[in-house]
Amino acid sequence: MATSRAPSASAVPRDADLHHGVVVHYHEIGLKGRNRGMFERQLVRNLVDATAGCHVDGVDVLFGRLLVRTPEPPAGTLLAAIGSTCGVATFAPCALVEPDVDAMGRAAIGQLPADLGTFAVAARRATKELPLTSHEINVALGDVVRLATKAKVDLDDPDHTVYVEVVGPRALVYTDRRPGPGGLPVGVSGRVLSLLSGGIDSPVATYRMLKRGARCDIVHFHSEPFTDRSSTRKAVELAGMLACFGGRMTLYLVPLGDAQQAIVASAPPALRVVLYRRFMVRIAGELAARTAAQALVTGDSLGQVASQTLENLICTDDASPLPLLRPLIGTDKQEIVDEARRLGTFDTSILPFQDCCSLFVPRSPATRARVDDCRAAEADLDVGALVASCLERTQTQRIERPRCEEATG
């Protein structure tokens, strides 16, 4: 049995012994069987894109995990960029050392705090170069850390855990494992166009589609000049936040006011909001064709407001040229609010703004609209001309992922 001398209590990692990186784990991708390589390659591409501008030497695929190689200990914006990449289940700054207990011990001690408290070691071998089993690594490395730090081992509820993964000719050692978004890499599930209102729900719905691997472009409807620019400013800001997760997006800013005026002039007041939404999905369908998007996405939650009753949703579906995806349909408001807080969109979403759907709203909007009634109300409108007018005046912005700039001294 191989033995190793424990380093002294003052032992610290020697720079010459260490290389640095971020170990990235995924969960769902690992279930993809023969297609797993395609998902891994897309995640690699997304990580390269997310970390552009940071000090990164490359991204490697290593036996069911990825390694983002860095020339120095990773921190700050680099970790934030990796931590917002969909498909990443967990990630951790790590040291890359020889698969030797002495080297692993120095790396572990260098990452643990001075007031260690209790600790445990969790080792795994993806390959078998080291002639120790995972359990034997746990015991040997635990002894090294215990003797060097005088800390106690606690296998049930440790204050800190030293993780070791032996992969080929190196070991990855880390202690600071963090959660990522999980899900699938953006780009493996087609392209969609998401209707972003500026409220709480639609950014969460868009994020959920990104997390399922769909590329998302965004359309925002406003009523300028009948309203101020508050909603478009919010849409731009929210789109920038979502680009942190989804990368580059196209944002369409569509003036709906003229169509709304025409609806108010000829349609029954109770149907106004449902008709607004029917026009929105028609226009969104035309915009989706420009990027070959295969579906539209909304932030509807069943029964949350008058326009989101089942009957009214059916009326909206009737006008849509593409499938309407509603990732929040069975989610209650508090769950959506909690997720918006986690994403960081909540504080922006609750800022006051003039929503286009609040323009010319009747006192008693229909909650059980019928498709036949909506079609009859639109019979007196030149639907095609109104849609074309909105499209002609649509503005387009490219929303880029915030660049991963490393701080300089």
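A short reminder: the numbers here are calculations on the coordinates, not readings from a lab. Computed from a predicted structure; not experimentally measured. With ideal geometry, Cβ positions are generated from the backbone for all residues, glycine too; neighbour counts draw on all protein chains shown.
Here the sum of -39500 (n - 2.57) over DSSP H runs of 4 or more residues, divided by the residues of the chain, equals -11500 deg cm²/dmol at 222 nm, to the nearest 500. For the chain, the number of Lys pairs with C-alpha atoms closer than 30 Å, counting only pairs eight or more positions apart or on separate chains, is 6.
Largest mean-square fluctuation among Ser84, Ser194, Ser230, in a Gaussian network model of the chain whose springs join Cα atoms under 10 Å apart, belongs to Ser230. Annotation: the residues Tyr174, Tyr26, sorted from fewest to most other C-beta atoms within 10 Å of their own C-beta, follow the order Tyr174, Tyr26. Count Lys and Arg as plus one, Asp and Glu as minus one, and take only other residues whose Cβ is under 14 Å from that of Glu165; the net charge is then +3. Each label point was placed 7 Å from the Cα along the Cα-to-Cβ direction; for Arg36 and Val264 their separation is 5.9 nm.
Other residues whose C-beta falls under 10 angstrom from the C-beta of Met249 contribute a net charge of +2, scoring Lys and Arg +1 and Asp and Glu -1.
Remark: the Leu147-Asp115 segment gains 10.1 nm on full extension, using 0.36 nm per residue and subtracting the alpha carbon distance.
Output the peptides 153-161, 215-223 sorted from most to least packed, where packing is the average of other Cβ atoms within 10 Å over each peptide's residues. Can you show the working numbers first?
Numbers: 153-161: 13.7, 215-223: 25.6.
Result, highest mean first: 215-223, 153-161.
The residue list Val121, Val166, Thr77 was ranked by how far each Cα lies along the charge dipole of the chain toward its positive end, using unit charges on Cβ atoms, and Val166 comes out on top.
Across all Cα atoms of the chain, the radius of gyration (one decimal) and Dmax (whole number) stand at 26.7, 88 Å. Evaluated with a Cβ-only charge set (Lys, Arg +1; Asp, Glu -1), the chain carries a dipole of roughly 580 debye about its Cα centre, given to the nearest 20.
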